[in-house]
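Participant: Got a structure here, written out as structure tokens. Questions coming.
Here, each number is a calculation from the coordinates, and none is a lab measurement. This one's a predicted model, so the numbers in the text were calculated from it and none came from an experiment. When we count neighbours, we look across all protein chains shown, and the Cβ atoms used for this are built from the backbone with ideal geometry, even at glycine.
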Amino acid sequence: MTNKQDQKAAEVSEEDIALRMMEREELGLRLLLLKYGGKVKSFLRWKYGGQLDREDREDLLYQAAFRAWKYIDSFDDAKGSLGAWFVGIAQNVTIDFLKRERLPVGVVDYDPPEHVDETEMDPERRRLFEDLDRVIEQLPRMQQLVAKEDLRSGGEADGPALAKNLGTSANAVRVARSKGRATIAENLKKLGHNLGGDA
Amino acid sequence: MNEKHDKAWNDLAKRARAGERHVVGGKDAERLLRELPDERMSETEVDAIVRGVVAGQTMREKADVQDVNQPSPTSTAGVEEDVLQLNRNKGGEDADAESLLDELRREALEDDDDEEDEDREPRD
């Protein structure tokens, strides 16, 4: 994006953006994305970690932009800023997405935390998941897909369901899972991340 | 599966899930907007979203995802009928293909003759 456009987005008020969107001006949506799109992507990576890959985040940002454009009339600046409203929309579409896309969970106990461990929400979390994205992207295709589906499912997707989804055998999933996990663990360790298996 | 790698994986999955139950709103969202880095969007990215959203498309347009189990398709769109069979490995000769080749060679030679005939100046 050009510096001029970035500068304009930084200078323009939220009220101006919201009014332009209400008037169905494309520029309003463009300014919303320039001002907050990058922040929303960063938020999704930080909050959902490896449960979303790059493509998921791009899809979800799109869907959030779609809803923001459609429901801009419901925005009320007395309740919060336009940026916070947009983050909230992105969060909602992500919750729906995870509910819809998750495969049944496999042998590993799925125990979603009842509360947030604040120590997990520190800046290190962001670095870990940035590195995880890169490490997964370097894996062979099948290993990538298995790792992503496992993370999305909360740890380990049901083998047969995953095999059916990927159009392969349960054994191929098992092998890809084993090899992928080994590479991920070793490479994250090399990048300085201390995971449970290192203890 | 290696137990050490499994432990590392389970730790990773647990960390990935940590944010799931934390619904961000109000002051948290405002704080995050200030503190989180801006993953800059490219002009192409913004254009694509604006174009799609304004046109009313509910989902982002993207290239078809390739089936992991299928080899990359080889396009034969530019290959004329029968030509694929002409290049055979040694020992893989085929009588039909040889016959077809001979026919094609003959036709090719005849075409040349015809063209030469057409180009030739009429004799007095």
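Participant: Between B:Asp28 and A:Val175, what is the label-point separation in nm under the 7 Å Cα-to-beta-carbon projection?
Facilitator: 4.3 nm
Participant: To the nearest 10 degrees, how steep is helix A:123-137 against the longest Cα principal axis of chain A, on a 0 to 90 scale?
Facilitator: 60 degrees
Participant: For chain A, what does the helix formula give at 222 nm: sum of -39500 (n - 2.57) over DSSP H segments with n ≥ 4, over the residue count, nearest 500 deg cm²/dmol?
Facilitator: Values: 10 runs with 129 residues, N = 199.
It lands at -20500 deg cm²/dmol.
Participant: Take the alpha carbon gyration tensor of segment A:121-190, find the square roots of its eigenvalues, order them as a ≥ b ≥ c, and report rounded if a/c is under 1.5; if not, report prolate when a/b exceeds b/c, else oblate.
Facilitator: It is prolate, given that a/c is not under 1.5 and a/b is the larger ratio.
Participant: Still on this structure: How shielded is A:32-44 by partner chains, expressed as the average number of their Cβ atoms within 10 Å of its Cβ atoms?
Facilitator: 6
Participant: Using the Cβ atoms and a cut-off under 10 Å, what net charge is assigned to the surroundings of A:Lys41, where Lys and Arg are +1 and Asp and Glu are -1?
Facilitator: Net local charge, A:Lys41 excluded: +1.
Participant: At q = 0.10, 0.14 Å⁻¹, what log₁₀ I(q)/I(0) does chain A have when each alpha carbon counts as one equal point scatterer in the Debye sum?
Facilitator: -0.52, -0.90
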